[in-house]
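Asker: Got a structure here, written out as structure tokens. Questions coming.
The values are calculated or read from the model by the stated rules, or taken from the named source; none is laboratory data. In this text the structure is predicted, and so the values were computed from the model without any measurement. Every residue, glycine among them, receives a Cβ derived from its backbone with ideal geometry; neighbour counts consider all protein chains shown.
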Amino acid sequence: MTNLDTTTPTGISEHFYKSLSKLNQNEQTQVQRTVFDFLQNPLHPSLKLHRLERLGNGNFWSAYVNMDLRIILYKHQKLGWVFAYVGHHDDAYLWAKNHRMEIHPTTGMLQMYRTIEEEKIVTRPIRPLIGHYEDDYLLDLGVPPSYLKPLRYVETPEQLVELIDGLPQDVQERLMDLASGKPVLPPPKLSTLEELAHHPLSRQQIQFIQNMEELRQALNYPWERWMVFLHPAQREAVERTFQGPARVTGPAGTGKTVVALHRTAALVKKYPESPMLLTTFNKALASRLKRSLGLLLGELPQVVTVDNLHALAHRWYADALGPVKVFTEADYRAWVLEAGSGLGFDADFLLSEFALLDSWGLYTWESYRGFARTGRSAPLSARQRQALFGAFEQVWQQIEAHGGQTFNGLVHWVRQAAEEKRLPRFRAVVVDEAQDFGPAELMLVRALAEEEPDSLFFALDPAQRIYKGPLSWQALGLEVRGRSFRLKVNYRTTREIARFAERILPAQLEEEVREILSLLKGPVPQIQVCKDQKGGLQELVRWVRWLLDQGLNPQEVAVLSRTKYLANETARALELAGLRAVRLSKSGDEGEGVRYGPVHGAKGMEFRAVAVFGANKDLFPLESLLRGATAKRDREVLMDQERNLLYVALSRAREHLWVGYWGEPSLFLLSSTAQDL
């Protein structure tokens, strides 16, 4: 037998993948071999296939792997077999006893959920959170019949989260929305086998396999949830055809990078042999994207380029014109101040205005004269603009005379070369962490993509903007109305950590983030007030040791700091305590050791436990940066970036969060949930 019967799909549930990943390599190999044997002949005597009726759960079956391992399967008359769980004998049977899999009587959806007792005796009046809704309506939402009575006794959101933890994720989302007062529409009712197998809600929990090659690939690849199961909102953003630029947004943990990866993979399959670009701002994140896309596709096709945009621009510029020195503000600051002296503007304004022209590529008087300086603190007359432009021209000439370019100037040169088709273009460009791109980078991305459907796709989170200020996409010619998705389910972070982190954000962003559903529950973040830095390091080491004693692997723990100096101090303290410390890097595969480094290096990463060391008043925001920003607008932008940076640090944690400071705490921390802890 080389092919599965495509009229009866074979399914692999998320529970099966998770349980398989917990077995050792030898056990996984035996399970994989048994799965293949089972699909060729389920009745072979060696499998000892039997129905688990004595457990009171007759819809599950057991298959023998070896003396200790059992596979739990579900069988439907028309749907066929679904691999539900695998584990050691007692664990597997206990799981089967405590779970149920069945077609929901109202929605027609195949559901797997944890069983609960229906009856509960209550001797006092209760105020049900959602129990006042009619049974028929709750059934329409996908609630299993056995959960209807227990829902009547739920009075608080915390009780609701605990009760519905074992339900399918889509049902949890609807009930949480219902509890928060949002209108909730029932999902479509499924009536055919084909609908059940292909509906996005089914594919969120079960991967249906059509042939043996798909099965072999599914079982042999390193399994991570993001590679297989997508939320319906994620899947729509991945699979839809867009007639113009499109974007997906969402706070930390909602799976934007997952969407960017799957979108790239889908485009590779949709437009084979066409050049594709997956890019981002951060070098380390680009490296992780490349590795992840390779896992998703099996191997990375030659037509796919994965790299950070700055590296690509620098390489293309050097290939065309030779090596170039990139001038930063520290290099050209004196020239700007000298050229602008006598114009009546202070140093901060001159540098800020020069950066504005440089970022938008306003290298001609005509382009600057008609440019709308929206959001700039000081209005300018035409005469003032002309004087400023003349001064800035002198600076650009000096930079060029020294054989250099500003980085924005380099990017704009590459962008113009792409627009003039002196550089190869891409059939599609997918950008992750697009909130960190400024005008120069976004204009370059637009120029690199062919003017075709599906050519531009962006994933971003305004709350994680730590390098650039906000800008208008419409002004850049990137109109995404009608092609924009917002992800609203946090897959990574517990509700306790998510709530703590969201209070760090500015009011307008906090309001958006507060709508996000986090279905995970965990311990409350720990705020450690330390006597001084030395005492803080001692408390940090004590917390890390406690985590390792709880069974966490060292590489699942990260210590993040605002500065390189402080990061190095944490590493030294860990090493002196006998704990190996490994600096955050782009590869992420340095072996066993607690990860450490500045917050900027953790963009795109996640850890089971995170310590933010040094949440002090002079570090968040960084006092030395604030001293250099005297203009009101620049200071506001910098404050937002620093606030977002602390949010990035806090939101890297999945289960455990520790925040330590000495002296006065960060002003941002005071606006968090510290008062609730």
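Asker: Being in contact with a strand residue (DSSP E or B) (Cβ under 8 Å, 6 or more places away or on another chain) and not basic (Lys, Arg) is the filter here, so list the residues in the range 309-327 that pass it.
Answerer: 309, 312, 314, 317, 324, 326, 327 - these are the residues of the range 309-327 that are in contact with a strand residue (DSSP E or B) (Cβ under 8 Å, 6 or more places away or on another chain) and not basic (Lys, Arg).
Asker: Could you check the range 267-302 and list, in sequence order, the residues that are at pLDDT 95 or above, aliphatic (A, V, I, L, M) and touching a helix residue (DSSP H, G or I) at 6+ places or on another chain (Cβ under 8 Å)?
Answerer: Those that are at pLDDT 95 or above, aliphatic (A, V, I, L, M) and touching a helix residue (DSSP H, G or I) at 6+ places or on another chain (Cβ under 8 Å): 268, 276, 277, 278.
Asker: Quick one: is residue 455 crowded, with 19+ Cβ neighbours inside 10 Å and in contact with a strand residue (DSSP E or B) (Cβ under 8 Å, 6 or more places away or on another chain)?
Answerer: Yes, satisfied.
Asker: May I ask you to list the residues in the range 187-213 that are surrounded by fewer than 15 Cβ atoms within 10 Å (Cβ to Cβ) and among the polar types (S, T, N, Q)?
Answerer: 191, 192, 210, 211
Asker: Right, here's the next one. Could you identify the single residue in 411, 336 that is under 23 Å from residue 635 (Cβ atoms), modelled with pLDDT of 95 or more, in contact with a helix residue (DSSP H, G or I) (Cβ under 9 Å, 6 or more places away or on another chain) and assigned to a helix (DSSP H, G or I)?
Answerer: 336 is the lone residue from the list that is under 23 Å from residue 635 (Cβ atoms), modelled with pLDDT of 95 or more, in contact with a helix residue (DSSP H, G or I) (Cβ under 9 Å, 6 or more places away or on another chain) and assigned to a helix (DSSP H, G or I).
Asker: Let me ask you something else. Taking the range 32-57 only, how many residues are acidic (Asp, Glu), under 21 Å from residue 94 (Cβ atoms) and touching a His at 6+ places or on another chain (Cβ under 8 Å)?
Answerer: Count: 0.
Asker: Further question on the same structure: Hey, any hits in the range 574-589 for a residue that's in the same structural domain as residue 533 (by TED's automatic domain parsing), under 19 Å from residue 547 (Cβ atoms), touching a Ser or Thr at 6+ places or on another chain (Cβ under 7 Å) and at pLDDT 95 or above?
Answerer: No: zero hits.
Asker: Could you look through the range 431-485, keep only residues that are of a type in the set (Lys, Arg) and either in contact (Cβ under 8 Å) with a residue 24 or more places away in the chain or outside any loop (DSSP other than H, G, I, E, B) (or both), and pick out the one that is nearest to residue 505 (Cα to Cα)?
Answerer: Looking at the filtered set, the residue picked out is 465.
Asker: For the range 523-553, name all the residues that are buried (at least 18 other Cβ atoms within 10 Å of the Cβ) and of a type in the set (Gly, Ala, Ser).
Answerer: Across the range 523-553, the qualifying residue is only 536.
Asker: What's the total number of residues in the range 7-31 that are surrounded by fewer than 19 Cβ atoms within 10 Å (Cβ to Cβ) and closer than 22 Å to residue 94 by Cα?
Answerer: 8
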